[in-house]
Structure formats: structure tokens, C-alpha cells
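A short write-up of the structure that comes next.
Every number in this text was worked out from the coordinates using simple rules, so none of it is lab data. Bear in mind the structure is a predicted one, so any value in this text is a computation, not a measurement. Cβ placement follows ideal geometry from the backbone for every residue including glycine, while neighbour counts extend to all protein chains displayed.
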């Protein structure tokens, strides 16, 4: 794989950033990968495991001389980081991010970047419920999609280089405008996460079902809800607050569908239920056929 960048700076060293560091090294996409994390403990762990070529104690030091700076922090922290690093950015540097909301990120970050810096937001659609610098692995992005949002970037080469980096890390790449991205993700990610949090909360609040029963008798559906609901709470708080309109729109549609299903169950309308489940089953088949999940039983888990 051809080297694309000389120096890449990762700001924030959680799952996505640590996986990027491994994936970039795997195929030599950059000569040097450096990093910064706000927490002293996180920086020390990253040093101990040799995650990057250099771990810095400030974001300003990390971005100095970098051709590409990737903001891998919660959406709510991106503006503060942008203000901090802006004066230290190399002329012509590309700044990107990995946030799952795009319009709010553009509004928060772009206005603080110096003239000549190229802001190309991106969103890798990959992850696990784990976090921290030890959670990353080079294969996280293999076969997954990364959405690039070049709304405000006027430099085609900066966009193409970032897309080449994500392809080099194993991703399929697509482009979307920020508002469409936020609506799509409200359907495919944000609202499902909110529903998962809600279902786990219902189980926690339901006094007639004990905690031990919930844990002991969890079937695959509820177990996957708990996996989703174990995701980073700070990140998801910021996602919902910063993609409020799209999430509320999809939640409204979800509520309408839920009422229709309630009515069908109450009136014992088996035909409606069967037709509905048949349509939704076809979507699952499409996801498997697109290579975005496995059709192995029990969600592909290996039996112990």
C-alpha cells in the first residue's frame, strides 16, 4: 500500500483511534502516527502498549507538523479541541473526525480552523461496545463503510487522500452531505441505540422480574440490547443532543409503528403481524447479503 500521509495525529485514543493506529501501521499508510488523549492514564496506557510512534501530553504538540489530524473525541468536545489546536495546524493540513453526527460537528469545528486548512468530516460505521486504547484492532474497519462528508472542503486532493486512507484501512467509502448523513444514521444507529437503552432500562425497572432472572435467562434479542446499551455513555449523550431533530423525527415514526403493532396484537390481527414481520425479515436478508453481518445462528457467536 502506498504511503498517503507523512504524519497523522489522532486526538483522542479510544476504540476508533486505536484501531486507526493499528490499521494505518498494518499497511504503511503513513510514515508516523502520533496521538494525544486528555487523560494521563489513557496516555500512559497508550505508551505502554506502543500504540503510536509518539504520545504527547498536549493536543497542540500532537498536531504540530501533522498532514492529517483526526478528531476522535465525543461530539460535544470537538469545538473545544478545534479552538485549542487551530493555531498549531500546519499550513494545508487536513482535519477530519470520526463522529457519528456531521452537521453539528461542521458547525462546531469549521469556523475555528485557519484559512488553508481542509476540513473533511468522516464517519466510520464500525465499532464495538468496548472503549479505550487497548480495545482497538486493525481489522475493525475491514469490509465496513466509512461515510465522507466533503460539504465545505474545496480541495479535491484533500478529499481523495482521506478516502484513500479509509480504503487502505479496509473500508468501503461513500460520500453524503451532512444533513442526509444525520437522517440516515438516525434510522440505522441513533434511534436503535436509544431503543436499546430504553429496553434495558425497562427490564431494570420492572420489579416483577428480578435482576438475576434478566441476566440468567437473557435470550439473544435482549442480550444484544445489552451489548448496544453498554456503549460509551458520554459519546451517546452527545450524539442525541447534537442530532436532535433527525432522532426525534425517526422516534416519532417509530412510535407510530409501535402503536400499529400494539393495535394488531390487541385485536389479534395475525395477518397484519405476519405481513409486517415478513417485510422486516427481508431487510435483514439484505444486510447479510451486503456483507454487513453474518447469517450464522445466534448472531455469529462462538459457542463455549
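When peptides 273-284, 189-200, 71-82 are sorted by average Cβ neighbour count within 10 Å, with the highest value leading, the order is 71-82, 189-200, 273-284.
If contacts are Cα pairs under 8 angstrom and at least 6 residues apart, what is the relative contact order of the chain in percent?
Values: 479 pairs, mean separation 48.6, N = 304.
Relative CO of the chain lands at 16 percent.
Once the Cα atoms are used to define both axes, helix 270-289 deviates from the longest principal axis of the chain by about 30 degrees. Simple spin-label estimate for residue 130 and residue 187 gives 3.2 nm between the two label positions (7 Å along the Cα-to-Cβ direction from each Cα).
What FRET efficiency would be calculated for the residue pair residue 268, residue 54, taking the C-beta separation as r and a Förster radius of 51 Å, to the nearest 0.05?
0.20
When the alpha carbon gyration tensor of segment 180-296 is reduced to an equivalent ellipsoid, the three semi-axes, largest first, read 23, 22, 18 Å.
With a ≥ b ≥ c the root eigenvalues of the C-alpha gyration tensor of segment 5-176, is it rounded (a/c under 1.5), prolate (a/b larger than b/c) or oblate? Could you put the intermediate results ahead of the total?
Details: a/c = 1.39, a/b = 1.11, b/c = 1.25.
The shape class here is rounded.
Counting only DSSP H runs of at least 4 residues, each contributing -39500 (n - 2.57), and dividing by the residue count of the chain, the helix-based mean residue ellipticity at 222 nm comes to -15000 deg cm²/dmol.
For the chain, DSSP calls about 10 percent of its internal beta bridges antiparallel.
Put the Cα centre of segment 102-122 next to the Cα centre of segment 6-61 and the gap is 21 Å. Relative protection proxy for 8-18, 246-256, from highest mean packing down: 8-18, 246-256 (other beta-carbon atoms within 10 angstrom).
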